[in-house]
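None of the figures in this text is laboratory data; all of them are computed from the coordinates on show. Treat the numbers as computed from the prediction; the structure is a model and nothing was measured. All Cβ positions, even for glycine, are placed from backbone atoms using ideal geometry, and neighbour counts span all protein chains on display.
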Amino acid sequence: MSGLLAKARELAPTIAARAAEGEAARRLPADLAAMLAKAGFMRLLLPCDYGGEELSPPDMVAVLEALGEADGATGWCAMIASTTAINAAYLPDDQARAIWTTPEVITGGVFAPRGTARVEGGQVRVSGRWPWGSGSANCDWLLGGVLVLGDDGKPRLTVAGRPDTRMAWFPASDVTLIDTWHTLGMRGTGSGDLAVDGVLVPLERTVSLIEDRPRIERPLYLFPAFGLLALGIAGVTLGIARGAIGDLMELAGAKVQVGARKPVAHKAGTQSALAEAEAALRAARAFLFDEAGRAWAHARAAGELTLTDRAGLRLAATHAVRTAARVVRTMHDLAGGTSVYADSPLERRFRDVHVATQHIMVAPGTWEQAGRALLGLEGDYGTL
């Protein structure tokens, strides 16, 4: 067991006890975020050069799973901070050191290129607005994806002929946070909109995770950033599902339904449905860890990941998220009317997991992309 995994399990009761507080405030409590950052949970994938943990993908998934079991929103914020920190492997060393100055630094942002950037000498002038800025209220630095425009106002093209999309980094003081996060679930992530208007950013403080090669050439950074993001989402949702099974087992031993003489645990339907859900969750988890472990071994041995490796990661991640959602739905159903009340942890887990399923990195479209790669068909696999 890694030190961080043991620490996550140790802190689980504290995190779980703060879940309702985060949900009510619609953001992760600032002191909890600071505590998690100091402990290392916000820099799971940050290069060790800058005080990061630089965990292997399987270890990263296991830690996020433990956090997600305690509270999905907390796990999600740690996942976003950690995956945005991958950028440090691509940025010039001086820029990375300017951002990750201390272990307490928290980063976040949105990869989607919803902003625009116009080149002005050695800088770019950025304007844009990005939804889903998870954990942004607690961040010291934020990034936003941008489409780089040429002098003619049209998208600039890369050498590969694709529109030049990059990510620009801003100190939090340059970003306006807009409270749009009134949602079904994951309320504690505070994933409102981010906006900047004409902010100048040094060109060297922008990166493309598709066109650029990582400056740090170690096995972790051979993994596609979007694949690691999908694995992180899967880890959080596996934790939510594991927590839901635990909630149902605790409830089933005590709840006696109207007209019954014994607790819900004694019903044959409860027993078989719980067993099937447990099997499905274990199988999805095993598939995810198998693919992540195999790809990690390949990266360390061969110094590269193949398209088949990348497709396998996304296939396993999407499968894990979809399976986790089904497991949580089953636990919610088995709990009966109890699970509809706001003070039921199953009610929150049900809502949280169904927000996670909507993320584009694990949306149904990833089945098609992974299937195309498995069939050996040509295509643009830049985000796989």
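A Cβ-based charge dipole, computed about the Cα centre of the chain with Lys and Arg at +1 and Asp and Glu at -1, lands at about 900 debye. Could you tell me which helices of the chain pass both thresholds, a Cα extent of 30 Å or more along their own axis and a mean Kyte-Doolittle hydropathy of at least 1.6, with helices taken as whole DSSP H runs? Flagged H segments: there are none.
Residues considered: T180, T366, T74. Largest GNM mean-square fluctuation over the chain, using C-alpha springs under 10 Å, is found at T180. A simple rule links phi to the HN-Hα coupling: the Karplus curve 6.51 cos²θ - 1.76 cosθ + 1.60 with θ = phi - 60°, which for region 45-55 gives 10, 5, x, 4, 4, 10, x, x, 7, 6, 5 Hz, with x for Gly and Pro. Scoring 37-47, 354-364, 110-120, 307-317 by mean Cβ neighbours within 10 Å over their residues and listing the highest first yields 37-47, 307-317, 110-120, 354-364.
For the chain, relative contact order (Cα pairs under 8 Å, six or more residues apart, normalised by length) works out to 17 percent.
For T357, the shell of other residues with beta-carbons less than 12 Å away shows a net charge of +3, using +1 for Lys and Arg and -1 for Asp and Glu.
Annotation: average projected area of region 157-257 is 11.4 square nanometres, based on the convex hull of Cα atoms across all directions.
Kirkwood Rh over alpha-carbon pairs of region 108-207, then Stokes-Einstein at 20 °C and 1.002 mPa s: what D in µm² s⁻¹, rounded to an integer? For the chosen part, D equals 156 µm²/s.
In the Gaussian network model of the chain, springs joining C-alpha atoms below 10 Å, which of G269, G243, G51 carries the largest mean-square fluctuation? In the Gaussian network model the winner is G269. Taking Lys and Arg as +1 and Asp and Glu as -1, the other residues whose beta-carbon sits under 13 Å from that of M35 total 0. Fewest-first ordering of Y381, Y221, Y341 by other beta carbons within 10 Å of each residue's beta carbon gives Y341, Y381, Y221.
Computed over the alpha-carbon atoms, region 3-89 gives an Rg to Rh ratio of 0.96, Rh here being the Kirkwood radius from the mean inverse distance.
With neighbour counts taken as other beta-carbon atoms within 10 Å, the residues D152, D93 rank, fewest first, as D152, D93.
Each peptide among 101-107, 83-89 gets the average number of other Cβ atoms lying within 10 Å of its residues, and from highest to lowest they stand as 83-89, 101-107.
Note on the chain: Rg/Rh from Cα positions, Kirkwood definition for Rh, rounded to two decimals, is 0.99.
Based on C-alpha pairs under 8 angstrom that are at least 6 apart in sequence, region 108-207 has a relative contact order of 35 percent. Distance from the C-alpha centroid of region 1-76 to that of region 87-129: 23 Å, rounded to the whole angstrom. Going from the residue with the fewest nearby Cβ atoms within 10 Å to the one with the most, S272, S134, S339 rank S272, S339, S134. Relative contact order for region 3-89: what is it in percent, counting Cα pairs under 8 Å that are at least 6 residues apart? Relative contact order comes out at 36 percent. Dipole magnitude for region 3-89: about 200 debye, using +1 per Lys or Arg Cβ and -1 per Asp or Glu Cβ, origin at the Cα centre.
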